[in-house]
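Here the structure is laid out as structure tokens; the discussion comes afterwards.
Read the figures in this text as sums done on the coordinates, not as results from a lab. As the structure is a prediction and not an experimental result, all values here were calculated from the model. Backbone-built Cβ (ideal geometry, glycine too); neighbour counts: all protein chains shown.
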């Protein structure tokens, strides 16, 4: 617009304004009227339409058909017309271009003309754009199928509509060499893994549909009347060829009025049909037709052409000796037994290694039964030879099969992945991805990565990213370009290996462990885990796996450290499991203590305690005043700061504080006593500090619960949040547990019926904790504890 | 009485000139199509008010989001209405903003001197769409989860920075609690701030420059064709 046009417009506008209407109230009236209408319509929608809310989000449900809000549908639909690498054009370029054009409107439409009749091209393009968006939106609403009412001429088409078309539109461009089966089953770049949703046959049917849509059309025209494509997906190619070439000569087609297929379907179409029925998908073809004889992979070090010729021509490409001329019958039988079931006949292994391994490798060929195996071994090459695959497979199928076989001969991804995992990952993640304590930081427990739920909720791209770049903490990046040791292919192999766990998770924890971290005191842990094998009282038993833990031999044979190690890491020679993955170090320590307490021991002062004092203390602590170690009575009663020993209370005794170094001064100054010695003294004080003290020997699971071990964890977990030191009953210490309480002491030792703590837990009076009672077991523990004197 | 109150406030606030400039100005004679802008504004106010009410009960975590939304819908007094208005208001906002824009294009109202009004209007449309996209995830139901999974994945196709964009939007490789809090933060803080800024400029210009007059069909005849050629 020229300057004069601008001023002209402004003048004209001023004129319009003068002749116009006042904003208030005239225009406001209109606005309010329209506004009210809009509001009423909205309320109507809210009332009659409600605010929709579907099921809670379920990340493992890859079957859900995603549907964006309606005003994004046109974009969603646009995406379908730009498959593969062109996606970018549909998603970003076109919308961005549209927005850029809108922004540039004042500069594209530069005349002074404003009436729509003088701006045909602007009106035209806007009309086209709006119509296109409308069309795409409607198209998308029609296109997105509802899984419930999907129908299709052929099975594969229905599968495609249901599972693929939402993201991929009407067709997918398949790059040559794509392992379709693996892609569909295992997911790919944000695409979910369909292994859990689709059967193998369905995946195969889909693969065929994808690589040969033309074959799909031929199938629909000629075969779909009787056959469902899914039914034929796994039929042997020999059968297919026979059925097709023999026409009515084929037994199942005998009574039907069908033409000879060679007269109806020609050349390329024939190949397309075969490719449709049996997708040129190397992995799948190998699995169907080769693995039965060749195992997961063949050992091949020749070149590709040789391999292709071999697959094409099949036949007796390797001579097998007639072993009946070489080996006695007994050895042939032994070999046959080994071949049929290796584990049942370990004696066959050296024979196999000697005679067969040169050609068969470490893989043992399979045979149906012993008779067949004997026959094959004895007759040598006269057993079934390899088919001429060149006659029955299409070129595309042969190429795919050759490519896969060659790749697999260099190690199938899972085998490579397994080797890599063993080398790089198992140190921290365990051999089976079961996790466990971090090797350099045992308090950091690494969670299992091989559980079904872990794998279900992470697609391949995620696992690949975790391995490549490392998660936010704890694990280094493994990809070369990130500074790690692995190539991209090797990471793919690792992902394949990890993914392979999903079908059959190697680690299934016992249900009680699956439930989460183990809680409770040592006694509870013991009765949950140890008692299964060692008995409730730890004494073992004739019908129990584990040995007695209470026998003198056991108690004397192992130090505390050795007991800890056995529990923590298990015993390779016995069926003792490593519990370190399940229990914390503290819980294992508690178990050791508990096992020690299972046995009663007598501490005699003059025999066990006095020699310690004499050896380590009497040189200084004679009769010089201060603490005097010369007799038991003086040991207890003397001391600069009052009696050195308070019988029954080691924690409160100055002697123990000095020995442990938790008091004023560590004693003896020259060097501490050993832990064993200190423990002995502590136990003697605990037991009452008399000439003869009996400790331990409580019956597990029975009466002798203590506050520290059994009761305190329950109270801390369930009561501590409210019952702090804010008045009323206080569960913080032993004394307060017993003596505090609004209505007098909460516990009267020996009398649970008369203890308000027990009664409130049972719900006599207002139930505690409010609204959610403790478990019956927990209440019973507390009642037993009170009835038996409420031991500290 | 009213005059007295009016005077009392006028002496203390001096608001009459503002009222005059805002309300007592003349505007050109307009059609009903000119109410689309104010209707959009009204729905926006509706979105803000109901949105604020929703944040009182909504909890942006995967554990609680769904339950809190369900609680709002089924338990809170008139919760169904608040959520319903917010839900349908979002669609109404997109429709009305779209129609408003079509009206502007038809009238050539983006031309001098209203270019800036047009730019801010486009910004507002983009912010509205962003509101729709981020808000869609918040109920954390199946539709929300999967639509956002697919929607954020589209970012990945951008060349070079695509993967980075995807991680930025999701706050990780996959949709997670982080995604939810990010979308929530966008939806209730970042986007409203942008909205306020843009709507402020937009409204200021509507008053300052004035709304366009409906063009007259006679304009072509007056000037002759040479100007068209020049364009």
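Sort A:277-285, A:492-500 by packing, meaning the average of other beta carbons within 10 Å per residue, with the highest value first.
Details: A:277-285: 26.3, A:492-500: 22.1.
Ranking, from highest mean packing down: A:277-285, A:492-500.
Taking beta carbons within 10 Å but only from partner chains, what does the mean come to for residues B:54-67? Each step should come with its number before you reach the end.
Details: counts 0, 0, 0, 0, 0, 0, 0, 0, 3, 0, 0, 2, 5, 1.
Mean inter-chain Cβ contacts per residue within 10 Å come to 1.
What order do you get for B:49, A:334 when you list them from fewest to most C-beta neighbours inside 10 Å? Before the final figure, lay out each step's value.
Details: B:49 14, A:334 19.
By the 10 Å Cβ count, ascending, the order reads B:49, A:334.
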Taking every residue of B:130-136, the Cβ atoms of other protein chains inside 10 Å of its Cβ average out to 2
By Cβ neighbour count within 10 Å, fewest first, B:208, B:153 rank B:208, B:153
Highest mean packing first, using Cβ neighbours within 10 angstrom, the peptides A:21-27, A:593-599 sort as A:593-599, A:21-27
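Is the shape of the stretch A:3-49 best called rounded, prolate or oblate, per the rule: a/c under 1.5 gives rounded, else a/b larger than b/c gives prolate, else oblate, with a ≥ b ≥ c the square roots of the Cα gyration tensor eigenvalues?
Numbers: a/c = 8.62, a/b = 2.77, b/c = 3.11.
Because a/c hits 1.5 or more and a/b fails to exceed b/c, the stretch A:3-49 counts as oblate.
Assign one of three labels to the stretch B:30-209, namely rounded, prolate or oblate, based on the Cα gyration tensor with a ≥ b ≥ c the square roots of its eigenvalues; rounded applies when a/c is under 1.5, prolate when it is not and a/b is larger than b/c, and oblate otherwise. If you can, show how the numbers build up before the last one.
Values: a/c = 2.44, a/b = 1.41, b/c = 1.73.
Judged from the Cα gyration tensor, the stretch B:30-209 comes out oblate (a/c at least 1.5, b/c at or above a/b).
Starting from the Cα gyration tensor of the stretch A:707-787, take the square roots of the eigenvalues, sort them a ≥ b ≥ c, and report rounded, prolate or oblate (rounded when a/c is under 1.5, otherwise prolate if a/b is larger than b/c, else oblate). Write out the running numbers ahead of the final one.
Working: a/c = 1.14, a/b = 1.08, b/c = 1.06.
Judged from the Cα gyration tensor, the stretch A:707-787 comes out rounded (a/c under 1.5).
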Averaged over the residues of B:82-95, the number of partner chain Cβ atoms within 10 Å of each residue's own Cβ comes to 5
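Arrange the following residues from fewest to most other Cβ atoms within 10 Å of their Cβ: A:600, A:140.
Working: A:600 11, A:140 22.
Ranking A:600, A:140 by Cβ neighbours within 10 Å, fewest first, gives A:600, A:140.
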